[in-house]
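The values are calculated or read from the model by the stated rules, or taken from the named source; none is laboratory data. Source: prediction; values computed, not measured. Every residue, glycine as well, gets a Cβ built from its backbone with ideal geometry; the counts of neighbours run over all protein chains shown.
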Amino acid sequence: MSTTTSTVRSPAQPANSKSRVILASLIGTTIEFYDFYVYATAAVLVFPHLFFPPGNETVALLSSFAIFGAAMIARPLGAVFFGHLGDKVGRKTTLVAALLTMGIATFLIGLLPTYHAIGWFAPALLVLLRLAQGFAIGGEWSGAALVATENAPKGKRALYGTFPQLGAPLGFIIANGLFLIVAALMPSDDPSRPSQAFLDWGWRIPFLFSAIMVIVGLWVRLHLVESTAFSKAVNTGKVVKLPLREVARTHWRELILGTFYMLATYVLFYLMTTFSLSYGRAPVDPAVGQLSGLGYSYNDFVMMLIAGVMFFGVFTLLSGPWADRFGRRKTLIAVTLVIILFGLVWTPLLNAGFVGVMAWLIIGFSLMGWTFGPMGALLPELFPTNVRYTGSGISYNVSSILGAALAPFVAVWLWDMGKGSPTLVGLYLSAMSALTLLALLLGKETKEVDITD
């Protein structure tokens, strides 16, 4: 055991108000997901044209997705680093550091020279900054979830746990909405390719705009005080010297289960956002070296995506009260079964015209909210206070390698293998969801766990 030099909340200090908890947990993840979605959108729309040698568009897209996935490898490292700080120094200081790291990396991406200017140094620098983004988000999510759940009223922990989760749809809407505005101001004659002005400098605006959002987020988080749970761990001498060693030694089973709990969520998440943007915009009658898709213009399909993401946000909030009433495990077993079915009916929906595509987006994003929302409470509930930041962060972010890092890349490969059909991509979602279902069946309900111990 060891003590910490961090300033923690004493009984004389005021606790975080409900509004402060909600805002601090929501605004940070909104900014983090905004930064992540800005990259994800650019990975489809811009980077294949600017950061790789011209020639084969499919290879350029796969290369762009490979860099996108590289961040997922850095996320567990960020979870270990920031988790150590969060379990030793406190949640507040760690969350501020993670937000700064993410914001600086995103801002610098907006300043990068392209392949045409510096050759292979351009994708190399992009990889470096993408790794920094992944490293930062590795420490962001678990801290935000802990701020929400460790300060939640009794019986409302899953509801409060949905507020950091709500940052995902909000970040998506802000990021893609800004890209949509910039693209609309710089229209292109070719619906499959952005305008030259957009490629020259317009794409940089959303990356540079992140600096303003980070300043707002820092102001909110600097006004937080530590939770009662962490203060109690410090005051009772339960803070451990090496949280990673402790959680691996005493809670290895929870680490494994938590990782697979998130797998279906991650795969669905990135198929519905990153892959769908590629498939939706690909031409119906492709040229040589291109993959066939739905043939929508960028602006049209992004507006369709934003409409679908509205359901993501609504069902994220609805999932909290549901999980508080019926339990996290039952809720997630039910939604995972539906996700498996969704993967099996993937192609008929996408082949049913505009109505079918919108139904596909609405169903997929609704399921995303239903499965993502309860994770804000479930993963922290698997671990005691002194290793909660580390344990929940590792589970969440190791799953990102198995799910999010591979999903866009595997999806494009399966899309190519299926000669333009998305059927194999849907089967991939169902298979990964079956692994999540197995983990949930092996796990236990955490609804009644006391996380103040």
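From the list Thr423, Thr436, Thr452, Thr446, which one is of a type outside the set (Gly, Ala, Ser), at pLDDT 95 or above and either under 17 Å from Met375 (Cα atoms) or in contact with a helix residue (DSSP H, G or I) (Cβ under 6 Å, 6 or more places away or on another chain) (or both)? Checking each option against the conditions leaves just Thr436. Total residues in the stretch 198-237 satisfying the condition of being buried (at least 17 other Cβ atoms within 10 Å of the Cβ), part of a loop (DSSP other than H, G, I, E, B) and not polar (S, T, N, Q): the figure is 4. In the set (1) more than 17 Å from Gly83 (Cα to Cα); (2) buried (at least 21 other Cβ atoms within 10 Å of the Cβ); (3) of a type outside the set (D, E, K, R), the condition left unmet by Pro243 is number (1).
I need the helices (runs of 4 or more DSSP H) fully contained in the stretch 368-417, keeping only those with at least 3 residues that are touching a Lys or Arg at 6+ places or on another chain (Cβ under 9 Å). Reasoning before the result, please.
Details: elements: 375-381, 385-400, 407-417.
Filter on the stretch 368-417 gives 375-381, 385-400.
If only one of Pro348, Pro374 is surrounded by 22 or more Cβ atoms within 10 Å (Cβ to Cβ) and either within 30 Å of Thr250 (Cα to Cα) or modelled with pLDDT under 95 (or both), which one is it? It would help to see each step written out before you state the result.
Values: Pro348 fails: surrounded by 22 or more Cβ atoms within 10 Å (Cβ to Cβ).
Matching residue, one of Pro348, Pro374: Pro374.
Selection within the stretch 288-305: residues that are crowded, with 16+ Cβ neighbours inside 10 Å and within 21 Å of the chain's Cα centre (by Cα). The member of this set that is farthest from Leu349 (Cα to Cα) is Val302.
Do any helices (runs of 4 or more DSSP H) entirely within the stretch 241-318 hold 3 or more residues that are under 18 Å from Phe68 (Cβ atoms), and if so, which? Quick ask: steps written out before the conclusion?
Numbers: elements: 243-250, 252-261, 263-270, 276-281.
In the stretch 241-318, 263-270, 276-281 are the helices (runs of 4 or more DSSP H) which contain 3 or more residues that are under 18 Å from Phe68 (Cβ atoms).
When the stretch 383-399 is filtered for residues that are buried (at least 24 other Cβ atoms within 10 Å of the Cβ) and over 12 Å from the mean Cα position of the chain (by Cα), the ones remaining, listed by number, are Phe383, Thr385, Asn386, Val387, Arg388, Tyr389, Thr390, Gly391, Ser392, Gly393, Ile394, Ser395.
Note on the stretch 18-104: enclosed helices (runs of 4 or more DSSP H) holding 2 or more residues that are aliphatic (A, V, I, L, M) are 18-45, 57-88.
Being assigned to a loop (DSSP other than H, G, I, E, B) and in contact with a Gly (Cβ under 7 Å, 6 or more places away or on another chain) is a condition met by at least one residue of the stretch 176-189.
For first residues located in the stretch 113-130 and over 9 Å from Phe51 (Cα atoms) and part of a helix (DSSP H, G or I), partners that are at pLDDT below 90 and among the charged types (D, E, K, R) and lie 6+ apart or on another chain with Cβ distances below 6 Å do not occur. Filtered by the rule that a residue be closer than 30 Å to Ser195 by Cα and surrounded by fewer than 21 Cβ atoms within 10 Å (Cβ to Cβ), the stretch 306-335 gives Ile306, Ala307, Met310. Of everything listed in (1) touching an Asp or Glu at 6+ places or on another chain (Cβ under 7 Å); (2) among the small types (Gly, Ala, Ser); (3) more than 28 Å from Arg245 (Cβ to Cβ), the single unmet condition for Gly391 is (3).
Among the residues of the stretch 342-388, those that are without any contact (Cβ under 8 Å) to a residue 12 or more places away in the chain and either at negative phi or of a type outside the set (Gly, Ala, Ser) (or both) comprise Pro348, Asn351, Ala352, Phe354, Val355, Gly356, Ala359. Being under 23 Å from Leu277 (Cα atoms), surrounded by fewer than 20 Cβ atoms within 10 Å (Cβ to Cβ) and within 20 Å of the chain's Cα centre (by Cα), is that true of even one residue in the stretch 351-362? Looking for residues that are under 23 Å from Leu277 (Cα atoms), surrounded by fewer than 20 Cβ atoms within 10 Å (Cβ to Cβ) and within 20 Å of the chain's Cα centre (by Cα), one finds at least one in the stretch 351-362, hence yes. Thr336: under 18 Å from Tyr428 (Cβ atoms), modelled with pLDDT under 90 and either of a type in the set (D, E, K, R) or not in a loop (DSSP other than H, G, I, E, B) (or both), yes or no? Against the criterion (under 18 Å from Tyr428 (Cβ atoms), modelled with pLDDT under 90 and either of a type in the set (D, E, K, R) or not in a loop (DSSP other than H, G, I, E, B) (or both)), Thr336 does not qualify.
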